[in-house]
1. Which members of region 86-108 meet the condition of being among the aliphatic types (A, V, I, L, M) and either under 19 Å from the mean Cα position of the chain (by Cα) or part of a helix (DSSP H, G or I) (or both)?
2. Considering region 66-83 alone, what residues qualify as being modelled with pLDDT of 95 or more, surrounded by fewer than 16 Cβ atoms within 10 Å (Cβ to Cβ) and either among the basic types (K, R) or under 10 Å from the mean Cα position of the chain (by Cα) (or both)?
3. Taking into account only those residues within region 11-51 that are surrounded by fewer than 17 Cβ atoms within 10 Å (Cβ to Cβ) and basic (K, R), which is nearest to L90 (Cα to Cα)?
4. Which one of L61, L54 is closer than 13 Å to V88 by Cα, among the hydrophobic types (A, V, I, L, M, F, W, C) and either in contact with an Asp or Glu (Cβ under 9 Å, 6 or more places away or on another chain) or modelled with pLDDT of 95 or more (or both)?
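The values are calculated or read from the model by the stated rules, or taken from the named source; none is laboratory data. Source: prediction; values computed, not measured. Cβ sites come from the backbone with ideal geometry, for glycine too, and all protein chains shown count toward neighbours.
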Amino acid sequence: MSDHPNSDLCPAPLVFAMIGGKWKLSILQILIFDGTKRFGELRKAIPDITQTMLTKQLRDLERDGLVKRQVYAEVPPKVEYSATEDGVGLMPAFKEMHAWWEKRQGSA
């Protein structure tokens, strides 16, 4: 048994805090399945997100270790975003959600 008082609790709330919200799953899905993207490419792929919100969500995902930001020393600066190894580790969860949705649609 661990000394940490919450060690036996389900980690779901912690995971949901990292990937929850309206946009994080969309951003992760693009970076995991379509690969590295520049900011403008993400904006085009998620047309309803604002520039400010995309910036905030990317910073949160980067802080949580799910997205990596790569800046290239060019003029103008080139910035690319990609899923980290931890981020790519969510791929099976995305596939399971997709399978669940397909099954649910078939039974409707």
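1. If the condition is that a residue be among the aliphatic types (A, V, I, L, M) and either under 19 Å from the mean Cα position of the chain (by Cα) or part of a helix (DSSP H, G or I) (or both), then V88, L90, M91, A93, M97, A99 are the ones that fit.
2. Passing the criteria: R69, S82.
3. K22
4. Just a single option satisfies the conditions, and that option is L61.
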